[in-house]
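The structure appears right after this line, and notes come after that.
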Amino acid sequence: PSGNILAFQDTLHASRNIIAVAGAGLSAASGIPTFRGAGGIWRKYDAISLATPEGFAKSPSLVWQFYHYRREVALRAVPNKAHLALSAFSLSSLRNQIVPHSTFTLITQNVDGLKTVAASEQPDLIEMHGRLFDVQCTNKKCQYTLFDTTSPVCEALSGTEELVEHGTLDPEIDQSTLPRCSKCGDLARPGVVWFGEIPRHMKEIDKLVQKADLCLVIGTSSTVQPAASYAYEVQEQGGKVAVFNLERSEGDEEADYLFMGPCEETLSKALGLMVSDDGKV
Ligand code: NAD
C-alpha cells in the first residue's frame, strides 16, 4: 500500500460515495481504552466474556460494573482531532469543496457516543454496535429501550469505577440492585451489541457499502465481523481502501493506501483539513 498523501488525495477527489469504518482507535486520543491495542485496560479482563449475552446471563452484576465504568470514562471524554476532522468532512458544504458531488457516511463500531455537533445534526453517522448510554430491557416481549441516559444507571454501581480501574470486579453486588426496566421492571442491560448478536442498521450499511467507491478504515484491528469485511467488499467492486492505524492489523497489506500513526494526526492531513488545538477546522 502507498503512504503518499497526494496520491490518496487524487483518489479522494475522484470519489463520489465515501464511507469510513471506525473502531476503538478513533477514540483512543480521547482517553477511551481500546480492546486489543497496547495499553488497553481490557488486558486485565476477559473483555469478550464481559461482552456476550452468555456473560450477562451468568453474572449481570460483573457485566454492569464493566459497563458502568465504560460509561463513566466515556462521559468524561471529549472528541479529539480525528472526530473533529470527520465531523467537518461530514458537512456537505465543506466536503463538496474538497470532493464535489460526494456523499459521506461514518459507520462506527464505537459505542462511546463521541461524535461532534456537526455529525449529530446529520443522518450520516451509523453506530452499528449501539451506544453505552442506551439501556435496554432484557425481557424479549418488552424490549423497551431508554435512549441517552447519561445519569448514573443505579446507586449500587456508583463508586465501583476505581475497582474496575485496578482490575477487580466486585462479585458481591446484589442483582436486585441493578438497573431495571422502567416499563416492566425486568432486569435491564446496556444497549450495546455484544459478540454473537446482530449489529444495528445492517440493511442501510449493506446499501452504503455496495455503492461506496472509497472506504476509509480508521483505528480498527479489523477483527470483528461484519465491519472487518466492508473494506474488502468495496475493493472487490473496484473501489479503493485507505487505512489509518497505529499498529499493523488484519488486511492492511491489501489496502491501497496505508497511513500508520495516530489518526488524530494523520486523518485531517490526508483529508486536507486543518484542525487546530482548540478544535477549530
Ligand atoms: P480494537 O481494540 O480491536 O483495535 C483498536 C485499533 O486501533 C488497533 O488496531 C490499534 O492499533 C488502533 N489504534 C489505537 N490507537 C490509535 C490511534 N490513536 N490512531 C489510530 N489507530 C489507533 O478495536 P476495534 O477494532 O474497534 O474492535 C473492538 C470492538 O470493541 C468493537 O466492536 C467496538 O464496539 C468495541 N470497543 C469500543 C470502544 C469505544 O466505543 N471507544 C472501545 C473499545 C472497544
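Seen against the Cα atoms of the chain and their longest principal axis, helix 60-76 is set at about 50 degrees.
Expressed as an acute angle from 0 to 90° and rounded to the nearest 10, what is the orientation of the C-alpha long axis of helix 5-14 relative to the principal long axis of the chain? In the chain, helix 5-14 runs at an angle near 90 degrees to the longest axis.
The residues of segment 127-184 expose, per residue, 60 Å² of accessible area to a 1.4 Å probe. Each of 190, 205, 227 was placed along the dipole of segment 170-238 (beta-carbon charges, centred on the mean Cα), and the one lying farthest toward the positive end is 205.
In a reduced charge model with +1 at each Lys and Arg Cβ and -1 at each Asp and Glu Cβ, segment 71-229 shows a dipole moment near 700 debye about its Cα centre.
Output the 0 to 90 degree angle, nearest 10, between the alpha-carbon long axis of helix 202-211 and the longest principal axis computed from the alpha carbons of the chain. With rounding to tens, the tilt is 10 degrees. Applying a 4.7 Å Cβ-Cβ cutoff to the chain, the cysteines left without a disulfide-compatible partner are 154, 215, 263. The Cα atoms of segment 46-89 give a gyration tensor whose axes a ≥ b ≥ c have a/c of 1.5 or more with a/b greater than b/c, which makes the shape prolate. Within the accessible area of the chain, the carbon and sulfur atoms contribute 52%, probe 1.4 Å, all protein chains present. Grab the DSSP H runs of the chain that are 4 residues or longer, score each as -39,500 (n - 2.57), total them, divide by all residues and round the 222 nm result to the nearest 500 deg cm²/dmol. Computed mean residue ellipticity for the chain: -9000 deg cm²/dmol. Protein heavy-atom accessible surface, 1.4 Å probe, per residue over segment 1-91: 39 Å². Each Lys and Arg contributes +1 and each Asp and Glu -1, all at the Cβ; summed about the Cα centre of segment 141-250, the dipole is approximately 660 debye.
Cross-link list 207/269; 81/280; 115/141: which exceed 21 angstrom alpha carbon to alpha carbon? Result: 207/269; 115/141 exceed 21 Å. Shape class of segment 126-191 from the alpha-carbon gyration tensor: oblate, with a/c at 1.5 or above and b/c at least as large as a/b.
Distance distribution note for the chain: the fraction of Cα pairs above 36 angstrom is 17%. Amide H contacts for residue 103 (H built 1.01 Å from N in the peptide plane; partners 5 or more residues away or on another chain; cut-off under 5 Å): 17, 18. Using θ = phi - 60° in the Karplus curve 6.51 cos²θ - 1.76 cosθ + 1.60, the 3J(HN,Hα) couplings for segment 84-92 round to 5, 5, 5, 5, 5, 5, 6, 6, 4 Hz; x is entered for Gly and Pro.
With the convex hull constructed from alpha-carbon coordinates only, segment 155-281 shows a mean projected area of 12.5 nm² over all directions. Which of rounded, prolate or oblate describes segment 191-258 when judged by the alpha-carbon gyration tensor and an a/c cut-off of 1.5? Cα axes put segment 191-258 in the oblate bin. When the alpha-carbon atoms of segment 1-115 are used, the pair Rg, Dmax equals 17.9, 53 angstrom.
The values are calculated or read from the model by the stated rules, or taken from the named source; none is laboratory data. Values in this document were obtained by computation on a predicted structure and should not be read as measured data. With ideal geometry, Cβ positions are generated from the backbone for all residues, glycine too; neighbour counts draw on all protein chains shown. Please note that ligands, DNA and RNA were not included when accessible areas were found on the heavy atoms of the full protein model with its side chains. Shrake-Rupley method; radii C 1.70, N 1.55, O 1.52, S 1.80 Å.
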